[in-house]
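*Asks:* Structure incoming, see below.
The values are calculated or read from the model by the stated rules, or taken from the named source; none is laboratory data. For clarity, every value in this text was computed on a predicted model and none was experimentally measured. Virtual Cβ from ideal backbone geometry, glycine too; neighbours counted across all protein chains shown.
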Amino acid sequence: MAHDVVRSSLVDEQSSDTTSTQPVQHSTQKINLLGMSRANLERFFEEIGEKKFRAGQIIKWIHQYFVTDFAQMSNISGKLREKLQQRCEIKAPEVVHRHYSKDGTRKWVFRVGEGAGSLVETVLIPADDKSGARKTLCISSQVGCALDCSFCSTGKQGFQRDLSTDEIIGQLWIANQSYMEDVDIPERTRSVTNVVMMGMGEPLLNFKPVVESMSLMLDDFAYGMSKRRVTLSTSGIVPMIDKLSEELDVALAISLHAPNDELRNELVPINKKYPLQQLISAAQRYIRKDGNESARKHVTIEYVMLEGVNDQDIHAQQMVRLLKDLPSKINLIPFNPFPHAPYGRSSRNRIMTFQKILSDAGFVCTIRQTRGDDIDAACGQLVGQVADRTRRAEQWKKKVAQQNEIVRSQG
Ligand code: SAH
Ligand code: SF4
């Protein structure tokens with residue numbers, strides 16, 4: 001598949017290479033305002049002798065009108081604009097590939113450092129409902145992932161580094177901005193309606209930048225998204241689920257993938273540290289926190305369907321027992337294969353039989369539609385494909401050659 005190679009016209013030549021959650025200091029010594037939450041920006045304005053309310057104004061220019069040039073911020077005095085121009089910048093991550101699929105799916109690959117291992121992906125998936133109004137953006141939180149789930153191409157890539165706040169919120173900024181390029185500033189509106197932190201990485205292991213970015217998503221001065229439309233997905237970092245419940249009210253998705261510890265230890269190795277009972281209790285605590293008033297009426301359970309591994313009737317029955325006291329909606333995900341993956345995708349019939357057992361037991365259970373296959377944009381395929389064409393593909397080739405050599409010498 002050939003990607004269009006583009007460089008966003010809104011970013012300059014400098015690349016962002018900081019992991020700090022504080023205002024980002026580039027070599028030009030300019031502070032990147034893109035990743036600053038309202039509280040941080042208010043503090044910043046006070047520090048430079050300006051009024052706090054300027055923070056709200058600037059945030060609106062950045063996140064509602066997608067303006068990166070201080071000169072265009074017409075309600076800010078010329079003197080302050082000049083001051084900001086000298087000290088600050090508004091800089092999104094560098095887009096190195098952009099691809100728009102026939103089915104409306106859009107994908108961006110960002111460079112966040114040097115080398116093939118410094119790419120992250122963001123995918124926008126339009127709704128399959130009749131209105132067509134829903135646009136869900138799947139955002140990455142880390143470059144790679146340390147948790148090495150056996151069915152995940154990101155995990156196979158290993159962990160490179162955490163993303164900073166501007167690199168996380170920058171993904172939402174660029175996705176929205178992509179619909180606005182030819183629209184006059186006063187007419188600009190946000191197009192993305194839902195965000196899921198289901199791209200590369202484990203968001204709860206990059207806690208502060210993820211929470212700051214999500215606070216911008218919820219902030220009326222920035223994206224003003226409904227808390228029910230912002231979902232954090234985790235493989236189950238139990239103490240951080242509790243911490244999240246203290247800080248933010250967003251929807252929670254749990255990547256379950258197996259209904260018993262033995263199988264989950266194999267598929268999601270973090271389960272050895274935080275086994276199922278602990279995970280289910282943490283999810284129950286998360287929901288209990290605010291009850292019906294919040295985004296936390298239920299959790300979403302994600303379950304990738306791996307042929308002959310976790311997709312048998314017995315697994316569905318175990319799941320019914322495991323989840324009986326946890327208000328949950330279950331989303332079955334057909335496995336997205338990637339090169340050298342040790343699994344196959346369960347058949348449509350198998351997935352439907354599995355779904356029936358869960359729905360008969362009273363669960364709302366949906367099957368995720370795979371979208372964007374023509375641009376490798378389906379969830380779980382994020383960037384793995386890109387990295388695979390480069391570094392990992394070489395490693396795999398070597399490994400396979402070595403194994404063939406062993407087989408030949410034994411045979
Ligand atoms: N680390 C977090 C969020 C990123 S993964 C988590 O694990 O929840 C986002 C979702 O994609 C998870 O449910 C993950 O299990 C799923 N996924 C990963 N690899 C996949 C694959 N090859 N096919 C289908 N889904 C996959
Ligand atoms: Fe990391 Fe999530 Fe992939 Fe597991 S499924 S390796 S936690 S990104």
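*Asks:* Which pairs have Cβ atoms under 8 Å, sit 6 or more apart or on different chains, and link a residue in region 340-359 that is at pLDDT below 95 to one that is assigned to a helix (DSSP H, G or I) and more than 16 Å from ligand 2 (Cβ to nearest atom)?
*Replies:* Pairs found: His340/Trp396; His340/Val400.
*Asks:* While we're looking at this one, here's another question. Among the residues in region 289-298, are any within 16 Å of ligand 2 (Cβ to nearest atom) and free of Cβ contacts under 8 Å to residues at least 24 places away in the same chain?
*Replies:* Checked region 289-298: no residue is within 16 Å of ligand 2 (Cβ to nearest atom) and free of Cβ contacts under 8 Å to residues at least 24 places away in the same chain.
*Asks:* Follow-up question, since we're still on this one. Could you tell me whether Leu232 is assigned to a helix (DSSP H, G or I), within 16 Å of ligand 1 (Cβ to nearest atom), modelled with pLDDT of 95 or more and within 21 Å of Leu276 (Cα to Cα)?
*Replies:* Values: assigned to a helix (DSSP H, G or I): no; within 16 Å of ligand 1 (Cβ to nearest atom): yes; modelled with pLDDT of 95 or more: yes; within 21 Å of Leu276 (Cα to Cα): yes.
It is false that Leu232 is assigned to a helix (DSSP H, G or I), within 16 Å of ligand 1 (Cβ to nearest atom), modelled with pLDDT of 95 or more and within 21 Å of Leu276 (Cα to Cα).
*Asks:* Thr136 passes all but one of (1) assigned by TED's automatic domain parsing to the domain that holds Asp184; (2) farther than 19 Å from Thr189 by Cβ; (3) not aromatic (Phe, Trp, Tyr); which number fails?
*Replies:* (2)
*Asks:* For Ile270, are the conditions met, namely being surrounded by 21 or more Cβ atoms within 10 Å (Cβ to Cβ) and either closer than 25 Å to Ser213 by Cβ or outside the structural domain of Gly236 (by TED's automatic domain parsing) (or both)?
*Replies:* Against the criterion (surrounded by 21 or more Cβ atoms within 10 Å (Cβ to Cβ) and either closer than 25 Å to Ser213 by Cβ or outside the structural domain of Gly236 (by TED's automatic domain parsing) (or both)), Ile270 qualifies.
*Asks:* Within region 135-147, restricting attention to residues that are assigned to a loop (DSSP other than H, G, I, E, B) and touching a Phe, Trp or Tyr at 6+ places or on another chain (Cβ under 9 Å), which residue is farthest from ligand 2 (Cβ to nearest atom)?
*Replies:* It comes out as Ser140.
*Asks:* Residues Met217, Met180: which one is out of contact with any His (no Cβ under 6 Å at 6 or more places or on another chain), within 26 Å of Ala55 (Cα to Cα), more than 16 Å from ligand 2 (Cβ to nearest atom) and not in a helix (DSSP H, G or I)?
*Replies:* Only one candidate qualifies: Met180.
*Asks:* Could you please find all residues in region 69-111 being assigned to a strand (DSSP E or B) and among the hydroxyl-bearing types (Ser, Thr, Tyr)?
*Replies:* Within region 69-111, just Tyr100 meets the criteria.
*Asks:* Confirm whether Leu306 is surrounded by 15 or more Cβ atoms within 10 Å (Cβ to Cβ), within 15 Å of ligand 2 (Cβ to nearest atom) and over 21 Å from the mean Cα position of the chain (by Cα).
*Replies:* Judged against the criteria, Leu306 is a match.
*Asks:* Report, ordered by the first and then the second residue, all pairs with beta carbons closer than 7 Å, sequence separation of six or more or different chains, a first member in region 223-239 that is within 16 Å of ligand 2 (Cβ to nearest atom), and a second member that is of a type in the set (Asp, Glu).
*Replies:* Between residues of region 223-239 that are within 16 Å of ligand 2 (Cβ to nearest atom) and residues that are of a type in the set (Asp, Glu), the close pairs are Ser233/Glu302; Thr234/Glu202; Ser235/Glu202; Ile237/Glu202.
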